[in-house]
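Input: a single structure, listed below in structure tokens.
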Amino acid sequence: MVRYMLRRLVILLLSLFIAAVVLFVLLRLLPGDPANALVGVGATPEQIAAAQAQLGSDQPLSLQFLTYLGDLARFDLGNSFVSRSSVLDEISRRLSVTLPLTLASFVLALVIAIPFGILAAVKADRWYGLLLSVISQIGIAVPVFWLGILLVYEFSLNLRLLPSGGFPLRGYADPGRAIESMVLPVLTIAIVMSASLMRYVRAATLEVLGSDFLRTARALGESHTGALMRHGLRNAAVPVVSVLGIELSTTFLGAVVVEQVFSLPGMGSMLLLGIQQRDYPNIQGVLIVSTLLVLLTGFLADILQRVLDPRLRKEAR
Amino acid sequence: MSTASTALPSRRRRGNATFWLGLILVGGIVLAGVVSFFWTPYALSDMAGGRLEAPSAAHWAGTDRLGRDLFTQLMIGARIALIVGCGAVGIGAVIGVATGILAAFATRFLDDALAAFFDILIAFPTLLIAMLVVAAREEASLGTAILALGIGLSPIVGRITRILTKQVLGQDYITAARVSGTSWGAIVYWHILPNIVPFLGVNLALQFGLAVMAEASLSYLGLGAPPPNASWGRMLQEAQGTVYTAPWGAILPGLALFALVIGINLLADGLRDRFDPARRDG
């Protein structure tokens, strides 16, 4: 287990390194010196040269690359071109919106998907089991930002129950309004996410229902529900956990889009603003931190999977 | 537990029903997209209609806040969604199938390296890659979006191709072909491709749905094709501000997107039931 974790950790670091290289290549080697973005249109050659010296973009690429890696290793993401403030500070401020949004949506999606997914599998031959499968099929195809707009239309504009968007300026110091402004975004992501999770839960449960060990447990005198609870769920959890990492990452990305629907000041709007303003340090910072979060999630999911299933630990890898 | 003999016909019938429903949905949108090349009710830039009109005989889907016909935009949106889907899946398939087959044929070391590389790139989410490519290019365009999405999809295709190819390579008839002196190129063409295409096709259909959805997200975020193109995502972005006075403007593009994606998914499910003997026999 320890060997596996170490191996997995090496892969994690390697992945992060490759991601950093890809980012560097895409952002630096493509046309346009970031110095131009720093000084803006109509700058004199001297101003551009000064900006290049300040950014180090007049250095050879190999040296730039080493500086970049060194900065990353020290968690130094630089300063924004536009606001001149620290990118890392800005990201941690933004994450205080995006992370709660992602985690709350994810937990709600699980709360919906697990019971309904199991029900859809156990009662696959009943009309409501079939109905649940159809609903999840439909949910998977619903564009998340469209659902957001429809929910705003119904709950904010028609029923006037919840704010249509925005986040209180004072943030969580104003807890009532902060939570209110999170309700619709969380619902939006959770509904779409639960649909695809439900499909995995249903498939995993169906697999277990047809398994030999469950039949043996029944033959040994356990009730159908008892056998499913004691032996089935843990086995069904293994393949589900392996997709949870991917699903959590997808939730995070969904949050990036949904933030835009509800004009929440999270990572998504930071990235979009960065792209519009050609604010390279901000773009790079958001992408690095997002990739790190996505990779970490995959890492944790793999470890959790092995904790749940001793059979996987015996494999050669 | 029901026996196979009773389960089989109902299952096949259901598979056929989903296949046909999917075909109708996708077919309708393909028709709208193709017809948009020859005919649309109005010109895209025609602002003759009233502002935010409700659907009527003159404007089947109503008008937007500039008085442009929404049905025209929906038809052109169908065209764009299909172009993006085909383009992105095409690029993703070419890169993915080539690298996937290469990995399956390669030495142990290169194979491991490529497999790890696919896994890492898959962890890099498609939408972020697309945003990155758009950020790196000076101007957002339809081509940029297609290229970005195609690159984003390629590792997924690559991983599946690698696994499928390895399965085929383990078969006895490949050994027989090798022994009888068939070249690797001929083996890929005559044995590998025909065997992996059915499974790959189903998966590519699902990727098509993902690409269409991702393009709509990009356009919604303002990173897709620039204004003369009426992408469904951009229509949604424009209609969001007037959703209270003109809800149909926000409902219809989303419905079109939904219909295309669910249609593709149903079609893929139906195809899988036809191609996959293991699933067909229950």
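Picking from residues in region A:120-158 that are outside any helix (DSSP H, G or I) and at the interface with chain B (Cβ under 10 Å from one of its Cβ atoms), the one that is surrounded by the fewest Cβ atoms within 10 Å (Cβ to Cβ) is A:125. Against the definition (basic (Lys, Arg) and within 14 Å of chain A (Cβ to nearest Cβ)), how does residue B:234 come out, yes or no? For residue B:234, the condition - basic (Lys, Arg) and within 14 Å of chain A (Cβ to nearest Cβ) - is met.
For (1) at pLDDT 75 or above; (2) of a type in the set (Lys, Arg); (3) buried (at least 16 other Cβ atoms within 10 Å of the Cβ), each residue gets a yes or a no:
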residue	(1), (2), (3)
A:6	yes, no, no
A:14	yes, no, no
A:23	yes, no, yes
A:52	no, no, yes
A:87	yes, no, yes
A:114	yes, no, yes
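Scanning region B:242-275 for residues that are among the hydrophobic types (A, V, I, L, M, F, W, C), in contact (Cβ under 8 Å) with a residue 12 or more places away in the chain and facing another protein chain (nearest Cβ under 9 Å) returns B:250, B:257, B:259, B:260, B:261, B:262, B:264, B:266. Taken over region A:284-296, the criterion of being free of Cβ contacts under 8 Å to residues at least 60 places away in the same chain and more than 9 Å from chain B (Cβ to nearest Cβ) is satisfied by A:293 alone. The single condition among (1) in a helix (DSSP H, G or I); (2) closer than 30 Å to residue A:153 by Cβ; (3) at pLDDT 80 or above that residue A:205 does not meet is (2). Just one of the numbered conditions (1) more than 14 Å from chain B (Cβ to nearest Cβ); (2) not in a helix (DSSP H, G or I) is not true of residue A:164: (1).
Taking residues in region B:115-144 that are more than 7 Å from chain A (Cβ to nearest Cβ), and partners anywhere that are assigned to a helix (DSSP H, G or I) and at pLDDT below 75, the pairs with Cβ atoms closer than 6 Å and at least 6 places apart or on different chains are B:140/B:134; B:144/B:134. Summed over region B:163-220, residues that are within 14 Å of chain A (Cβ to nearest Cβ) and acidic (Asp, Glu) total 1.
The values are calculated or read from the model by the stated rules, or taken from the named source; none is laboratory data. Just so it is clear, the model here is predicted, and its values are computed rather than measured. Cβ sites come from the backbone with ideal geometry, for glycine too, and all protein chains shown count toward neighbours.
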